[in-house]
């Protein structure tokens with residue numbers, strides 16, 4: 001019973017985590033790196049193979065992208081995944 005209660009408490013704590021500041025920071029970093037590399041949103045989406053609306057939402061910090069999406073972006077921009085995630 002205690003294990004179940006601990007799992008419930010952990011789930012409640014996870015609900016309290018605010019990811020918005022991290023998503024916003026990542027989105028700004030991505031937009032900056034994209035423009036430094038000379039890519040428009042349209043070009044990056046075309047080459048990476050996803051919708052422009054998706055990239056727009058990521059850069060605005062409105063969605064939490066999957067790691068595979070971030071990896072495709074990094075690969076397309078020819079930057080290390082770690083640099084895109086952590087910054088310089």
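The values are calculated or read from the model by the stated rules, or taken from the named source; none is laboratory data. The structure displayed is predicted, hence computed values, not measured ones. Methodologically, a virtual Cβ is constructed for each residue, glycine included, from the backbone with ideal geometry; neighbour enumeration extends over all protein chains shown.
Quick check on the stretch 12-43: of everything there that is part of a helix (DSSP H, G or I) and exposed (fewer than 10 other Cβ atoms within 10 Å of the Cβ), which residue is modelled with the lowest pLDDT?
Filtering the stretch 12-43 for residues that are part of a helix (DSSP H, G or I) and exposed (fewer than 10 other Cβ atoms within 10 Å of the Cβ), the one modelled with the lowest pLDDT comes out as 12.
Would you mind stating whether residue 85 is assigned to a helix (DSSP H, G or I), at pLDDT below 95, surrounded by 13 or more Cβ atoms within 10 Å (Cβ to Cβ) and under 11 Å from the mean Cα position of the chain (by Cα)?
yes
Could you check how many residues of the stretch 44-67 are in contact (Cβ under 8 Å) with a residue 40 or more places away in the chain and assigned to a helix (DSSP H, G or I)?
0
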